[in-house]
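**Q** My questions will all concern the structure given below.
The values are calculated or read from the model by the stated rules, or taken from the named source; none is laboratory data. Note that this is a predicted model, so its numbers are computed, not measured. Cβ atoms come from the backbone with ideal geometry, glycine included; neighbour counts cover every protein chain shown.
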Amino acid sequence: MPAIPTMLTTPTMPTTPANLANRQPVPSSMHAQITAWFELPLLDLLLQAQLTHRQHFAANTVQISTLLSIKTGNCPEDCGYCSQSGHYRKETGLQAEKRLAVDKVIAAAKQAKASGSSRFCMGAAWKHPSDKDMPYVAELVNAVKALGLETCMTLGSLTPHQATQLAEAGLDYYNHNLDTSRRYYDQVVTTRSYDERLQTIAHVRASGIKVCSGSIVGMGERRDDRIDWIYELTQMATPPESIPVNLLVPIKGTPLGDKALNDGALSVLEWIRTIAVTRLACPSSHVRLSAGRESLSDSEQALAFMAGANSFFYGDKLLTTGNASQSNDNRLMQELGLVASIAPTAPSGCGTASRDN
Ligand code: SF4
């Protein structure tokens, strides 16, 4: 039987918010601070993350979005985790589809609103939208906003002009994930660079659209990569308002899915730890549970909310991967005493206390 860890020193004071803060190592930089948070005992980290969360958001309140794929499959990018990449279509067998008709998107948005979502996110498997796609996506933004929903899109890279067009159409959020650290990025995707990713985020920010940008953990990266990804967020002039922390859903036939299936999945507690550190580093951002949630137990999801997550996706599907069922989500929210917020209210901010310049 493994030995139960015991205290080697005399008992410490009870852990209260005040003496918890006193136990923090003095950070020499934001990067050191993020590293120190990762190294905290898990329960100290969770407590600190939840206390920080409550300073910036209403307790027990979560923002709910619904995600719809408006153009599925045969993407020219080679993201190693994604079934929609054209590079792995023989292995995954995913059937590509044309753009979804506007009336179908509107019907899905109405259903999302009736279910309690406040934001409707639309994703297209493109490297970037073409000029002929822009009237289509602008029409979708208009139609979904007319239903009283916030809109979010993820369409790949954008030029400054395209970002402006989306802003003029009224788009509220644009999703563009950094996925991981700069160091590990070429193990994840080779058809675009980290700097191109940051450039599109900058165009989105300059256009006035709010930024949603997150990561996927469990792709074979090290903790250092998770630290560096969070650090990258804290160094943005205005950090993302929304930060999804995905847990890899390993898809057979994709390079990173096969790697995870061979090597074993990342510990769920390390994913929860990543959520908690994201909450501490970006106290005013919405931290979102996204892919990977369907495989988690109620208790694991409860811990993720304790760690400061305050947003998730409703619906049985996330683009092409499964999601927790809506009826199960409703039951879990009731059991945990969580209520849905209508729309985000807090201003965004990551690491505002000690941004490294
Ligand atoms: S994650 Fe997006 S950009 Fe990458 S292959 Fe999939 S659909 Fe294309």
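**Q** With respect to SER69, is the statement that it is closer than 24 Å to TYR173 by Cα, small (Gly, Ala, Ser) and within 16 Å of the ligand (Cβ to nearest atom) true? Walk me through how you get there before you give the answer.
**A** Working: closer than 24 Å to TYR173 by Cα: yes; small (Gly, Ala, Ser): yes; within 16 Å of the ligand (Cβ to nearest atom): yes.
Taking the combined requirement at face value, the residue satisfies it.
**Q** A further question on this structure: Does ALA265 fit the bill of being in contact with a strand residue (DSSP E or B) (Cβ under 9 Å, 6 or more places away or on another chain) and surrounded by fewer than 24 Cβ atoms within 10 Å (Cβ to Cβ)? Even if it seems obvious, please write down each step before you answer.
**A** Values: in contact with a strand residue (DSSP E or B) (Cβ under 9 Å, 6 or more places away or on another chain): yes; surrounded by fewer than 24 Cβ atoms within 10 Å (Cβ to Cβ): yes.
Taking the combined requirement at face value, the residue satisfies it.
**Q** Continuing with this model, one more query. Counting only residues that are within 15 Å of the ligand (Cβ to nearest atom) and not hydroxyl-bearing (Ser, Thr, Tyr), how many does the range 179-198 have? Don't jump to the end; show me each part of the working.
**A** Residues of the range 179-198 that are within 15 Å of the ligand (Cβ to nearest atom), as a first pass: 179-180, 185-194, 196-197.
Next, from what is left, pick out any that are not hydroxyl-bearing (Ser, Thr, Tyr): 179, 186-189, 192, 196-197.
Result for the range 179-198: 8.
**Q** Another question, then. Only residues that are closer than 13 Å to ARG183 by Cα and either in contact (Cβ under 8 Å) with a residue 60 or more places away in the chain or touching a Pro at 6+ places or on another chain (Cβ under 8 Å) (or both): list them for the range 231-241, please. Steps first, please.
**A** First pass over the range 231-241, keeping only residues closer than 13 Å to ARG183 by Cα: 231-232.
Within the range 231-241, just TYR231 meets the criteria.
**Q** Hey, could you check the range 306-322 for residues that are at pLDDT 60 or above and within 30 Å of GLY208 (Cβ to Cβ) and say which is surrounded by the fewest Cβ atoms within 10 Å (Cβ to Cβ)?
**A** Only one residue tops the list, namely TYR314.
**Q** Considering ASP131, ASP103, which residue is out of contact with any Ser or Thr (no Cβ under 6 Å at 6 or more places or on another chain), more than 16 Å from the ligand (Cβ to nearest atom) and closer than 22 Å to HIS176 by Cα? So that I can check it myself, show each step before the final result.
**A** Numbers: ASP103 fails: closer than 22 Å to HIS176 by Cα.
From the options ASP131, ASP103, the qualifying one is ASP131.
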